[in-house]
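**Student:** This is the structure, below, for whatever I ask next.
The values are calculated or read from the model by the stated rules, or taken from the named source; none is laboratory data. Quick caveat, the model's predicted, so the values are computed rather than measured. Note that each Cβ is placed from the backbone with ideal geometry, even for glycine, and that neighbours are counted across all protein chains shown.
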Amino acid sequence: MLKFLFRGREKDVVVETQRQSFERIVSELNAAIDGLSVKPRITLDPATGHVDLHLPEQLPDEALALPAPTDEAEQVTEETAEPENTAESKVA
C-alpha cells in the first residue's frame, strides 16, 4: 500500500572523495563561465583559499528581465487617483 514512499531507497548512494567533489565543482564552474559572453574576473585569496568572482553590473540574461518597479510607478498611480477625488468634490 505504501510502496510509493520507499521506491527511491533502492538506489545506492554515491560517495565522493573530497578530490572528486572538488574536481566536479570546478568543472561545473568552468562550464558555467564558458557559457558567459562577458567573462568575470576571478580572484583567489591565498590566505583563506576563497574564490571571488567579480561580475559585471548586469549579465545578458538579466538584461532581458523586466525592470523592477520604481517609485515613479507609484507616483503615477497616485496622480491618477487624485483627479477622481477632485471630480467627486466638484460634483458634490
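**Student:** Going through segment 11-28 one residue at a time, which ones are more than 29 Å from Pro60 (Cα to Cα) and either among the acidic types (Asp, Glu) or in a loop (DSSP other than H, G, I, E, B) (or both)?
**Tutor:** Once the filter is applied, which keeps residues that are more than 29 Å from Pro60 (Cα to Cα) and either among the acidic types (Asp, Glu) or in a loop (DSSP other than H, G, I, E, B) (or both), segment 11-28 yields Lys11, Asp12, Val13, Val14, Val15, Glu16, Thr17.
**Student:** If you don't mind, there's one more thing I want to ask. Do you know which residues across segment 34-45 are out of contact with any strand residue (DSSP E or B) (no Cβ under 9 Å at 6 or more places or on another chain) and part of a loop (DSSP other than H, G, I, E, B)?
**Tutor:** Once the filter is applied, which keeps residues that are out of contact with any strand residue (DSSP E or B) (no Cβ under 9 Å at 6 or more places or on another chain) and part of a loop (DSSP other than H, G, I, E, B), segment 34-45 yields Gly35, Leu36, Ser37, Val38, Lys39.
**Student:** Taking only segment 1-28 into account, find how many residues are exposed (fewer than 10 other Cβ atoms within 10 Å of the Cβ), modelled with pLDDT of 85 or more and among the basic types (Lys, Arg).
**Tutor:** Selection size over segment 1-28: 1.
**Student:** Return the residues of segment 51-65 that are within 19 Å of Leu29 (Cβ to Cβ), modelled with pLDDT under 85 and not in a helix (DSSP H, G or I); say none if nothing qualifies.
**Tutor:** Hits for segment 51-65 are Pro56, Leu59.
**Student:** What about Thr48, is it in a strand (DSSP E or B) and either in contact with a Phe, Trp or Tyr (Cβ under 8 Å, 6 or more places away or on another chain) or modelled with pLDDT of 90 or more (or both)?
**Tutor:** no
**Student:** Checking Ala31 against (1) surrounded by 10 or more Cβ atoms within 10 Å (Cβ to Cβ); (2) in a helix (DSSP H, G or I); (3) hydrophobic (A, V, I, L, M, F, W, C); (4) modelled with pLDDT of 80 or more, which single condition isn't satisfied?
**Tutor:** That leaves (1) as the condition not met.
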